[in-house]
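Chemist: Take a look at this one; I'll ask things after.
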Amino acid sequence: MKADFLKYQAQTTPHPLSMEVQRAEGSYIYDTSGKRYLDFVAGVSACSLGHQHPRVKKAIKTQLDKYLHVMVYGEYAQSPAVQLTKLLAQHLPDPLESTYLVNSGTEAIDGAIKLARRATGRTEIIAALDAYHGNSYGALSLMSNKERTAPFRPMIGDVSFIKFNCDRYLERITVKTAGVVLETIQGGAGFVVPTNGFLNKVKKRCEEVGALLILDEIQPGMGRTGKLFGFEHYDVTPDILVTGKGLGGGMPIGAFTASHAMMTLLSDNPKLGHITTFGGHPVIAAAALATLREITESNLMADALKKEKLIRSLLIHPLIKEIRGSGLMLALMTPSAHIASDIVLRCQDEGLILFWLLFETRAVRITPPLTISEDEIREGCATILDVLNYVVED
């Protein structure tokens, strides 16, 4: 299978990890030889309830017996999508009440950019340096890393950048700005959390000049930080909220949410201001609804903070310079990119799945399922410490 994978399936890097997956369940993935791997990545924060969660599986199977795709998004009322968007509204502060369901986080970012420009009549979009919002042209245009964008230029126009957590850049948000797009916690940059009321200051500046604040919760959302959405930790409410990844419980989904009045702007002048064939797909919406219900009806969010404390208490080693992030969105900071890469690769050999971050090459990602047990955390952390001791010997 590996040979065919490399020959026939388009790749994202020259050297993919190439594990041949047979099955996955709970916090573990099994390869075709039967080897078991403890999953400390959860599909890059997507499998919020682990693998094959019973509630999600049941919702998928129940919907499979009713209907699959029946019509392009927004024309027919379909129960899974209606229930999902209603439940999201019930767990969001005003005025976030109307949700547009799409197929991925990057599509949701594109939709949010379009909505901000449509609502304000302005064109400038401001993003943060070292941000990552996806790889469609709209989302990619919000990336400051020229090495990654140069081969695909030109990007969409009228995009500029500010530095995350740096107040002196706020004056760049002006009456020409349609929207400011920020990750609530910067992911690819190294799980950088907002400090000194930065998000509040951005929101205040947006209000002063009539711009919209768009918060990207694709990674920190769905309980990963101990609250349903990361912005709840910082006493700020975005004008447009973007979600994805963990909302689907392992199924592909994205969404952007705003006030009902703002969202109606995409339905007229012109009609079909945003359109998708498979957004709100009934099977995927059913999985997302089950995921959202499980997260909000259980102790998973409170437990995420307890599990964070456990991880921080266990992972003490001279090669761990810092642990960044919040809840179960954590990054081990090592002295060098070489050491970080060595940890990821050696841990996979030892049956533990870790991963890298996009821009901060010294970081090692730890984003396990919210359902991971304390015993599994201890098992994984012990493996990391063993590997770190081996790296020291090198």
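Chemist: Could you give the distance between the Cα centres of segment 279-329 and segment 94-157, to the whole Å?
Modeler: A separation of 25 Å, based on Cα centres.
Chemist: Taking only the alpha-carbon atoms of segment 108-193, what semi-axes of the equivalent ellipsoid follow from 5 times the gyration tensor eigenvalues under a square root, in whole Å, largest first?
Modeler: 18, 17, 12
Chemist: Please figure out what share of the DSSP beta bridges in the chain is antiparallel and state it in percent, rounded to the nearest 5.
Modeler: Just about 60 percent of them are antiparallel.
Chemist: May I ask for the longest run of the chain untouched by GluC sites (Glu not before Pro) that are loop-located per DSSP and have at most 12 neighbouring C-beta atoms (other than their own) within 10 Å?
Modeler: Of all site-free stretches, the longest is 76-394.
Chemist: Less than 21 Å apart at the alpha-carbon level, and either on another chain or at least 8 residues along: which lysines does that give for residue 163?
Modeler: The qualifying lysines are 146, 176, 201, 203, 204.
Chemist: Given 10 Å bins starting at zero, what is the percent of C-alpha pairs of segment 350-394 in each, up to the one with the largest pair distance?
Modeler: Bins of 10 Å from zero give 23, 50, 26, 1 percent of pairs.
Chemist: Over the residues of the chain, compute the C-alpha Rg and express it relative to 2.2 N^0.38 Å.
Modeler: Normalised by 2.2 N^0.38 Å, the Cα Rg of the chain equals 0.97.
Chemist: Sticking with this structure for a sec: Name the most mobile residue of 33, 336, 267, meaning the one with the largest mean-square fluctuation, in a Gaussian network model of the chain with Cα contacts below 10 Å.
Modeler: 33
Chemist: Still on this structure, I have one more. Measuring from centroid to centroid over Cα atoms, what is the spacing of segment 47-92 and segment 12-45 in Å?
Modeler: 26 Å
Chemist: Quick one: helix 105-120 against the long Cα principal axis of the chain, what's the angle to the nearest 10°, folded into 0 to 90?
Modeler: Between helix and principal axis, roughly 20 degrees.
Chemist: Further question: Looking only at segment 131-266, where both bridge partners belong to it, what percent of the DSSP beta bridges are antiparallel (to the nearest 5)?
Modeler: If we restrict to bridges inside segment 131-266, about 40 percent are antiparallel.
Chemist: In square nanometres, what is the average projected area of the Cα convex hull of segment 232-326?
Modeler: 9.3 nm²
Chemist: List residues of segment 43-58, by number, whose backbone nitrogen lies under 20 Å from a label position 7 Å along Cα→C-beta of residue 293.
Modeler: Once the point is set 7 Å along Cα→Cβ of residue 293, 47-58 turn out to lie under 20 Å by backbone N, inside segment 43-58.
Chemist: If you take every residue apart from residue 217 with its C-beta less than 14 Å away from the C-beta of residue 217, what net charge results, scoring Lys and Arg +1 and Asp and Glu -1?
Modeler: With Lys, Arg at +1 and Asp, Glu at -1, the neighbours total -1.
Each reported figure results from applying straightforward, stated rules to the coordinates on display, with no laboratory input. Bear in mind that the values here come from a model prediction, so they are computed numbers and not experimental data. For neighbour counting, all protein chains shown are included, and Cβ atoms are generated from backbone atoms with ideal geometry for every residue, glycine included.
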